[in-house]
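To start, the structure itself, in structure tokens.
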Amino acid sequence: MKAVLLTEIGKLEVKEIPTPKPGKDELVIKMLACGICGTDRHILLGEHPAAMHLVLGHEFGGEVTEVGEGVDFKVGDLVSVDPNIVCGTCDHCLAKRTAHCRNLAALGVTLNGGFAEYVLLPKSQAYLVPKNLNPLYLGLVEPLACCIRGMDLAQVKAGDRVAVLGGGSMGMLIVQLVKLAGASEIILITRQKERREIAMKLGATSTIDPVAEDVTKILKDIDVSFEVAGVSQTFQQACAITRSGGTVLVLGVAPSHETVQFSVYDLLIRGLKIIGSYINPYTQGRAAELISSGKLNLDLIISKTVSLDELPAVLAANPGQGDIKYIVTGDK
């Protein structure tokens, strides 16, 4: 089968590798959609740890093609995949802090993932979705699950004023989630005009161009700020615009070497709650159900589809102006 492997830092290669066969409690799916994530770019650049000679891609789903012993899924089922595999026995897992499992493995990071024609996975990682679901949406279930986790931690309430710093796919998903939660104001902050226009269509009440305007002068007393860009400057802006006692929820994945400076005194006096939200514990199923419900507009988020052959060049380049989400398919 065809797959895209990370062979060394900065290098992806399209290769033919053996098609996997399922063992006990395992299944194989035909990949129908796998989202390109900013984390994939960080991995490619050596800014996020991952195994070498690995098939990347962790935002995916597909059609079941083969099942092993003990698997209840049937050939032809459509499934979303939770890439994060926890041990269930370490102290964090036993305390239901599975995002911090000491033995965490992840499809597309430490195990072969979704940038391939077929993918092997444990049955525990598959979530059934309706067969009539647009298969491209399978590439958005995992990022939505991460956003739902962030929403749980941020505890957005009806009437809250919310700022979203970053106009990528997770920013656009957060805009829609806080709208569903009843936020009174939803301000999307991003440099690209096209993304600001899409955010308004998705439920933002206003947008700001941080290049043309000073975000920290315009916004004050925000109840909850979501940092989804993974950039030190936007983190500092989020802290500056959030009210005393408010919440800064960090969802964006920054390069592993990036650091920020902020006033510990200011943190103390203002009583800010700065919360990091990592991956998707207990939320993958909820994300699959929400996408299946049709309550989210996903078509405006998907900018284009990419073939496995095109993927190395696309992942090595910056996204096109105004583009939000690229979905890899195995069809081209």
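Counting the residues of segment 295-321 that are surrounded by 12 or more Cβ atoms within 10 Å (Cβ to Cβ), out of contact with any Ser or Thr (no Cβ under 8 Å at 6 or more places or on another chain) and of a type in the set (Gly, Ala, Ser) gives 2.
It is to be established whether one or more residues within segment 83-100 are hydroxyl-bearing (Ser, Thr, Tyr) and either surrounded by fewer than 24 Cβ atoms within 10 Å (Cβ to Cβ) or out of contact with any Gly (no Cβ under 7 Å at 6 or more places or on another chain) (or both). For segment 83-100, residues hydroxyl-bearing (Ser, Thr, Tyr) and either surrounded by fewer than 24 Cβ atoms within 10 Å (Cβ to Cβ) or out of contact with any Gly (no Cβ under 7 Å at 6 or more places or on another chain) (or both): present.
Here are Ala313, Ala287: which of them is within 28 Å of Glu117 (Cβ to Cβ) and free of Cβ contacts under 8 Å to residues at least 24 places away in the same chain?
Numbers: Ala287 fails: free of Cβ contacts under 8 Å to residues at least 24 places away in the same chain.
So the residue among Ala313, Ala287 that is within 28 Å of Glu117 (Cβ to Cβ) and free of Cβ contacts under 8 Å to residues at least 24 places away in the same chain is Ala313.
Among the residues of segment 55-90, just one is aliphatic (A, V, I, L, M), under 20 Å from Asn132 (Cα atoms) and assigned to a loop (DSSP other than H, G, I, E, B), namely Val75.
Residues in segment 152-167 that are surrounded by fewer than 24 Cβ atoms within 10 Å (Cβ to Cβ) and within 22 Å of Glu59 (Cα to Cα): Asp152, Leu153.
Quick check on segment 222-244. Is at least one of its residues assigned by TED's automatic domain parsing to the domain that holds Leu177, aromatic (Phe, Trp, Tyr) and surrounded by 21 or more Cβ atoms within 10 Å (Cβ to Cβ)? Yes: segment 222-244 contains one or more residues that are assigned by TED's automatic domain parsing to the domain that holds Leu177, aromatic (Phe, Trp, Tyr) and surrounded by 21 or more Cβ atoms within 10 Å (Cβ to Cβ). A single member of Ser263, Ser292 is more than 17 Å from the chain's Cα centre (by Cα) and within 26 Å of Val178 (Cβ to Cβ), and it is Ser292.
Of Leu27, Leu94, Leu6, all but one fail to be in contact with a Leu (Cβ under 6 Å, 6 or more places away or on another chain) and of a type outside the set (Lys, Arg); the exception is Leu6.
A single member of Val79, Val119 is of a type in the set (A, V, I, L, M, F, W, C) and in contact with a Pro (Cβ under 8 Å, 6 or more places away or on another chain), and it is Val119. Looking at His48, His42, His53, just one residue is assigned by TED's automatic domain parsing to the domain that holds Glu310 and in contact with a helix residue (DSSP H, G or I) (Cβ under 7 Å, 6 or more places away or on another chain), and that residue is His48. Among the residues making up segment 20-43, those that are touching a Pro at 6+ places or on another chain (Cβ under 9 Å) and farther than 14 Å from Pro122 by Cβ are Leu32, Ala33, Gly35, Ile36, Cys37, His42, Ile43.
The values are calculated or read from the model by the stated rules, or taken from the named source; none is laboratory data. Everything numeric in this text was worked out from a predicted model, so none of it was measured. Note that we place each Cβ from the backbone using ideal geometry, even for glycine, and neighbour counts take in every protein chain shown.
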